[in-house]
Amino acid sequence: MINQPPPYLPAEQNPALPPAQPGRIKKRYVFLAGAIYGLLMRLAFGLPFFLSGEKSTTASEAMLTSFIVLVPLIIGALTVYFPGDNKRSLFFSVFAPWIPILMFILGTAILLIEGSICIAMAAPLFLVMGSLGVMNSLLLLPLLLGSWERNQTMPVMIEKSDASVWINAKPEVIWHLINNAEAIQPTEMQQGLAYKMGVPYPKSALTVKTDTGRVRKLRWDKGVRFDEPITHWQENRYIRWNYSFPAGAIPPDALDEHVVIGGKYFDLEDTSYLLTPEKGGTRLSIKVTYRVSTQFNWYANFWGRLLVDDAAHTILAFYKHRAEIVSSP
């Protein structure tokens, strides 16, 4: 018998033909849509300040929970649900949202909307929230919640960081370095996490006498200059200062707006050093008091604690290295 082709039947009735595939959006378009949505939300959150002409604060609204939590959550939802594939693996559901989120983050960097420090700190939270995205019907929820949230009082968290190191040098050697640190090289600070993330390197710290008392003058890379008025002074034993950031002390391109010292979200309150003779050398102890003010202090303070602690250990290592070189035979 000659084989005859099967009679024409609709695909769902003809077993010889593959089942009809439902219309599906290609995943690459979904990834692109998620990234574009993130960029549009980022621009929308800065729009009120941009329209008012306050260019220095166009990024401020991005520090609201409605942006930093809900936007990546919704990008994740878009990524998981819009392709229309009912056979989504757990791996796809958890990690596919990372693609548009990373594209979105890269876009903010390319467009110079965000700096490297903010990107490094926000990326982990963005990726986690993207993996938790489970809804795709509330695309404007971040803006609706943001309009309410931006009028709420920022909670304030005051924290302290303590660290110490033993130095094989006399207290007066270390004291001199604290008040006369010059020609600081990037290689002396490069192990610090903050500097790896883009914080300008310190160049000098010199204590001078003024009409109002002693002031420690700080000079960093990228044109950063600010003062540290000294409030306590016990020669070779104890020193404490607070911070003063006059207009122009931190150029706009030196630090990301969200982490500017003395800014709306983060500030250094005071710093002190205690020098204690110990085992033929000196124990140098540092205490830093800082402020974090965001609607998500539970996350922001994680980074605040990490960076302040790391900076304290980095500066102690700097003084130890220099003092022991000076004191070596």
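The values are calculated or read from the model by the stated rules, or taken from the named source; none is laboratory data. The structure displayed is predicted, hence computed values, not measured ones. Here the Cβ positions follow ideal geometry from the backbone for every residue, glycine too, while neighbour counts run over all protein chains shown. Ligands, DNA and RNA are excluded from the accessible area calculation, which covers all protein heavy atoms including side chains. Shrake-Rupley method; radii C 1.70, N 1.55, O 1.52, S 1.80 Å.
What does the extension gain come out to for Asn242 and Glu159, with contour length at 0.36 nm per residue minus their alpha carbon separation?
28.4 nm
Please enumerate, by chain and number, the lysines with C-alpha under 21 Å from the C-alpha of Lys160, excluding those fewer than 8 residues away in the same chain.
Qualifying lysines at Cα under 21 Å: Lys264, Lys287.
Could you list the residues of region 232-253 with an amide nitrogen less than 12 Å from a label point located 7 Å from the Cα of Ser272 in the Cα-to-C-beta direction?
232-234, 238-242
Would you tally the net charge around Tyr290, using a Cβ to Cβ cut-off of less than 13 Å, leaving Tyr290 out, and scoring K and R as +1, D and E as -1? Walk me through the intermediate numbers first.
Numbers: positive: Lys160, Lys287, Arg291, Arg305; negative: Glu159, Asp162, Asp267, Glu269, Asp270, Asp309, Asp310.
So the environment of Tyr290 carries a net charge of -3.
If the cut-off is a Cα-Cα distance under 23 Å, which lysines reach Lys209, setting aside same-chain residues fewer than 8 apart in sequence?
Leaving aside lysines fewer than 8 places away in the same chain, those within reach of Lys209 are Lys217.
For region 197-329, which whole percent of the accessible surface, found with a 1.4 angstrom probe, sits on carbon and sulfur atoms? Intermediate results must be reported in sequence, preceding the final value.
Details: 3480 of 6380 Å².
Carbon plus sulfur share of accessible area: 55 percent.
For Asp221, what accessible surface area do you get with a 1.4 Å probe? Give it in Å², rounded to 10.
In the full protein context, Asp221 sits at about 70 Å².
Can you give me the convex hull volume of the Cα atoms of region 258-329, divided per residue and expressed in Å³?
It is 94 Å³ per residue.
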